[in-house]
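Only the coordinates and a few stated rules stand behind these numbers; no lab work does. Everything numeric in this text was worked out from a predicted model, so none of it was measured. Note that we place each Cβ from the backbone using ideal geometry, even for glycine, and neighbour counts take in every protein chain shown.
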Amino acid sequence: MSSTKKSKSAAYTGMFAAIAASSCCIPPVIALIAGVGGSASALSWMEPFRPYLIGLAIIAIGYAWYSYLKPINEDDCGCEIDEKPKWFQTKGFLIGITIFAGLSIAFPYYSNMFYQNTEKQIIVVDKSNIKTTEYKISGMTCASCEAHVNHEVNKLDGIVNSKTSYENGNAIIEFDETKTNVLEIEKAINATGYKVTNKNEIN
């Protein structure tokens, strides 16, 4: 296999590995744009493989650059070197693949920008109506998951505050019980594709 073909193959391998590395965080954004929540956690099982996929992407793209920059000896392949290289043999192609892979790997860190702010100003008339409940949630793997849950919960009337943590696997939600309730909030969370496994009233 010639060095240009090796470079092309390695570049594509790196690109697909980079996409796969963030595949657990892409469905929530797609679900938000499409207005479908049930599939948001479909690829959450890939989260444990993220470090390995990132490593594969870096190695593959690094090899693609090595193959591209390595001096080509006409005798190595026994063929004539084209005067005008094809698009996938150019530096621009590799730069594009490298940038795309970098953006894909970093996707979990900026994906929350796709979620509109649904927080509302709540005027609390009677503080005794404000309840705080912790919801244990399974299936969340990144900041995108947190934003998705908060986005859906804040659509409900009476939500005072919603703090979701994928690291802790929970959401702590303050709400006015005269406007919404524990079951409605649980239903909103489950609609994202993640599942409430337990809930505890804090006060």
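Residue exposure proxy: ASP157, ASP176, ordered by other Cβ atoms within 10 angstrom of their Cβ from fewest to most, comes out as ASP157, ASP176. Remark: TYR63, TYR110, TYR135, TYR194 ranked as TYR110, TYR63, TYR135, TYR194, counting other beta-carbon atoms within 10 Å and listing the fewest first.
The order of GLU174, GLU167, going from fewest to most other C-beta atoms within 10 Å of their C-beta, is GLU167, GLU174. Could you please report the charge total around ALA21, scoring K, R as +1 and D, E as -1 over all other residues with beta-carbon less than 13 angstrom from its beta-carbon? Net charge in that neighbourhood comes out at 0.
Here the relative contact order of region 127-201, from alpha carbon pairs under 8 Å that lie six or more residues apart, stands at 45 percent.
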